[in-house]
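Reading through the structure tokens given below for one structure.
The values are calculated or read from the model by the stated rules, or taken from the named source; none is laboratory data. Please read all numbers here as calculations on a predicted model, not as lab measurements. For neighbour counting, all protein chains shown are included, and Cβ atoms are generated from backbone atoms with ideal geometry for every residue, glycine included. Ligands, DNA and RNA are stripped out before the accessible areas are found, and what is left, the full protein with its side chains, is counted by its heavy atoms. Shrake-Rupley method; radii C 1.70, N 1.55, O 1.52, S 1.80 Å.
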Amino acid sequence: SPMSRLKLYLFGPMQAIVAGKTLHFATTKVQALLAYLALEPERPYRREQLAALLWPDQPDADARRNLRLTLHRLRQTFAEAAPDLADSLISAGRSTVRWHGDAVTVDVAQFMHLITQTETHDHPWLDACADCRQRLETAASLLGGELLAGLSLDDAMPFEEWLLVQREFIHHRALRLYATLADITENRGDYAAALDYAQRQLALEPWYEAAHRQ
């Protein structure tokens, strides 16, 4: 039901909410597994691939056992929040694990969808398209901090490398978004908003020359 739908916030520290209640996860590895599946949905992952991502320095059998336990804990957390939630989100077979993105609302996915809609919308110029301006402003409002702020796995370098790539991608997307909104608002004579969007760029990149000029 819509009430038992998972809402996942990955900008800033991770937050998972079901029917108004915040979920609490047993370990950082459970959070890391959830983050990875949620940001790379609708693909079947082989269990050994996920095990190597999160327990790269452990023997295969131990890593697979840890994955089994972590997956069980994740499903258990969902099941306690709503009876059908675990099955609607995760399909876990003997060899593969799959995450179903249509059963969850994720702020990062919303952010990317709004930007893609704007980039693919057929308008003569962006400044004149009220719908696209609204989409970009909504996308900017979703940026509540660094992607998965505070999440770190010292013993899982492959996960750390993946997370660094994800953070860099979002970082550059956010810079471009703020720069576009600064241009739009300046062109429309809303100088206070233009200044705000320029300053948001500098908060991300203090030495970013284009933002200083804006």
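Compute the angle between helix 107-120 and the longest alpha-carbon principal axis of the chain, please, reported from 0 to 90 degrees and rounded to the nearest 10.
In the chain, helix 107-120 runs at an angle near 50 degrees to the longest axis.
With axes computed from alpha carbons, what is the tilt in degrees of helix 157-187 against the longest principal axis of the chain, rounded to the nearest 10 within 0 to 90?
Approximately 20 degrees, to the nearest ten.
Leu202 to Arg68: extension gain in nm, 0.36 nm per residue of separation minus the Cα-Cα distance?
Details: separation 134, 0.36 × 134 = 48.24 nm, distance 4.32 nm.
Extra length from Leu202 to Arg68 when fully extended: 43.9 nm.
Explain nothing, just the number: dipole magnitude of the stretch 69-133 about its Cα centre with +1 on each Lys and Arg Cβ and -1 on each Asp and Glu Cβ, in debye rounded to the nearest 20.
Numbers: 5 positive and 9 negative charges, 102 e Å.
Approximately 480 debye in magnitude.
Kindly state, to the nearest 0.05, the FRET efficiency for Glu40 paired with Ala128, given R0 = 45 Å and r defined as their beta-carbon distance.
0.80
Stretched out fully, how many nm does the piece from Thr138 to Phe169 gain, at 0.36 nm a residue minus the Cα gap? Mind dumping the intermediate values first?
On the way: separation 31, 0.36 × 31 = 11.16 nm, distance 1.88 nm.
Additional length available on full extension: 9.3 nm.
Give the shape of the stretch 86-214 as rounded, prolate or oblate, defined through the alpha-carbon gyration tensor: a ≥ b ≥ c are the square roots of its eigenvalues, a/c under 1.5 means rounded, and otherwise the shape is prolate if a/b is larger than b/c and oblate if not.
Oblate.
May I ask for the angle, rounded to the nearest 10°, between helix 28-39 and the longest principal axis of the chain, with both axes built from Cα atoms and the value confined to 0 to 90°?
60
What nm distance separates the two modelled labels at Asp102 and Ala192, each placed 7 Å from Cα along Cα→Cβ?
4.4
Determine the gain in length on full extension of the stretch Asp60-Ala26; use 0.36 nm per residue of separation and subtract their C-alpha separation, reporting nm with one decimal. Don't skip to the answer; put the middle values down first.
Numbers: separation 34, 0.36 × 34 = 12.24 nm, distance 2.26 nm.
Full-extension gain reported as 10.0 nm.
Treating the beta-carbon of each Lys and Arg as +1 and of each Asp and Glu as -1, no other charges, what is the dipole magnitude of the stretch 1-134 about its Cα centre, to the nearest 20 debye? All intermediate terms of the calculation are to be shown ahead of the outcome.
Numbers: 15 positive and 15 negative charges, 146 e Å.
It works out to roughly 700 debye.
Sum up the charges of everything whose Cβ sits under 14 Å from the Cβ of Leu10, counting Lys and Arg as +1 and Asp and Glu as -1, but leave Leu10 out. Don't jump to the answer; show the numbers that get you there.
On the way: positive: Lys7, Arg167, Arg173; negative: Glu40, Asp107, Glu146.
Taking every Cβ under 14 Å from that of Leu10, the sum is 0.
How many percent of the accessible area of the chain is carbon or sulfur, using a 1.4 Å probe? Don't skip to the end; give the middle numbers.
Numbers: 5940 of 11680 Å².
The nonpolar share, carbon plus sulfur, comes to 51 percent.
Using 1/(1 + (r/R0)^6) with R0 = 30 angstrom and r between the beta carbons of Ser95 and Asp155, what's the FRET efficiency to the nearest 0.05?
According to the calculation, E is roughly 0.75.
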